[in-house]
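The values are calculated or read from the model by the stated rules, or taken from the named source; none is laboratory data. In this text the structure is predicted, and so the values were computed from the model without any measurement. Neighbour counts run over all protein chains shown; Cβ positions are idealised from the backbone, glycine included. Just so you know, the surface numbers come from the protein's heavy atoms only, side chains and all, with ligands and any DNA or RNA stripped out. Shrake-Rupley method; radii C 1.70, N 1.55, O 1.52, S 1.80 Å.
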Amino acid sequence: MESPARLSDRVWTVPNAVSFARLLAIPYFVYLLLARDDPRAAGLLLIVIGATDWVDGALARILNQESELGRKLDPIADRLAIVTAVVAGWLAEIVPGVIAGPLLLREALMAVVTAGLVARGKGTLQVRYLGKVATFAVYGSIPSFYLAAADVLPAVFRALGWTAGVIGLALYWLTAIQYLGDARRVVPASRGGTG
């Protein structure tokens, strides 16, 4: 787990503003897809939301604005964006169920693990690099299905959606197993075990 001593208590930072903007974009995404029935605009917005995931982290390092809030806010924004895009896409019959179901199951598992750690006062787990790669693949997959549904180079984006989706799913579940191991090491250590 990352040491909180290195992180600032600041709330109003540029990276946090980017993360907040990502959170505010999620309801607009739902509006574009479900109210306006515009999968092209929704898919393009998902690409922007996914890009901000990289931008806020890069800005935090470049501007030396890493914060405790940012460390918590960034993964929350990621999870909400992914879950919303997958659920809405599944309901709209854009994201295939064989991609959506396992993604949502993994998200539910990690939500339970994270809630358990927080309830025990252990905070959150350190994000793994492989987890970031998996998120990148998922952020490539889901908008691709949206663009294919909007008849934007449908064969290309459908193939990209499936390829990135399968890779992203495999990496997502591999990192879930790693995170479960991390959580098991943290919890026994907190109970006086050998950890």
- [ ] Quick one: grab the alpha carbon gyration tensor of the stretch 90-195, order the square roots of its eigenvalues as a ≥ b ≥ c, and give me rounded if a/c is under 1.5, else prolate or oblate depending on whether a/b is larger than b/c.
- [x] prolate
TODO: Enter the angle in degrees (range 0 to 90, nearest 10) between the Cα long axis of helix 97-119 and the first principal axis of the Cα atoms of the chain, meaning the one along which they spread out most.
DONE: 20
Open item on the list: Taking semi-axes √(5λ) of the Cα gyration tensor in Å straight from the coordinates, which label in (i) 31, 20, 13; (ii) 34, 19, 16; (iii) 31, 25, 14 is the correct one?
Closed with: (i)
- [ ] Pick out which of Ala77, Ala115, Ala137 has the largest mean-square fluctuation in a Gaussian network model of the chain, springs linking Cα atoms closer than 10 Å.
- [x] Ala115
Task: Dipole magnitude of the stretch 1-109, debye to nearest 20 (Cβ charges: Lys/Arg +1, Asp/Glu -1, about Cα centre) - done: 80
Open item on the list: Just to confirm, what accessible area per residue do you get for the chain at 1.4 Å probe, in whole Å²?
Closed with: 53
Open item on the list: Can you tell me the orientation of helix 154-190 relative to the chain, as the angle in degrees between its alpha-carbon axis and the longest Cα principal axis, to the nearest 10?
Closed with: 10
- [ ] State to the nearest 20 debye the size of the charge dipole of the stretch 42-195 about its Cα centre, where the only charges are +1 on K and R beta carbons and -1 on D and E beta carbons.
- [x] 680
- [ ] Could you grab the relative contact order for the chain? Cα pairs under 8 Å, six or more apart, rounded to a whole percent.
- [x] 24
TODO: Choose one of Val133, Val118, Ala58: the residue whose Cα lies farthest towards the positive end of the charge dipole of the chain (beta-carbon charges +1 Lys, Arg; -1 Asp, Glu; about the Cα centre).
DONE: Val118
- [ ] May I ask you to list the chymotrypsin sites (Phe, Trp or Tyr not before Pro) in the stretch 9-69 that are in a DSSP loop and have at most 16 other Cβ atoms within 10 Å of their Cβ?
- [x] Trp12
Open item on the list: Can you give me the % of accessible surface on the chain that is carbon or sulfur? Probe 1.4 Å, all protein chains present, nothing else counted.
Closed with: 67
- [ ] List the longest stretch of the chain that has no exposed loop site; here a site is one of the trypsin sites (Lys or Arg not before Pro) assigned by DSSP to anything other than H, G, I, E or B, with at most 15 other Cβ within 10 Å.
- [x] 37-119
Open item on the list: Counting only helical runs of four or more DSSP H residues, what would the 222 nm mean residue ellipticity of the chain come to if each run contributes -39,500 (n - 2.57) and the total is spread over all its residues?
Closed with: -26500 deg cm²/dmol
Open item on the list: Springs between alpha-carbon pairs under 10 angstrom, Gaussian network model over the chain: which of Leu33, Leu105, Leu45 fluctuates most?
Closed with: Leu105
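Classify the stretch 86-127 from the C-alpha gyration tensor, please: rounded if a/c falls under 1.5, else prolate or oblate depending on whether a/b exceeds b/c.
Prolate shape, in that a/c is at least 1.5 and a/b is the bigger ratio.
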Task: Förster radius 25 Å - calculated FRET efficiency between Ala108 and Val48 (Cβ-Cβ, nearest 0.05) - done: 0.45
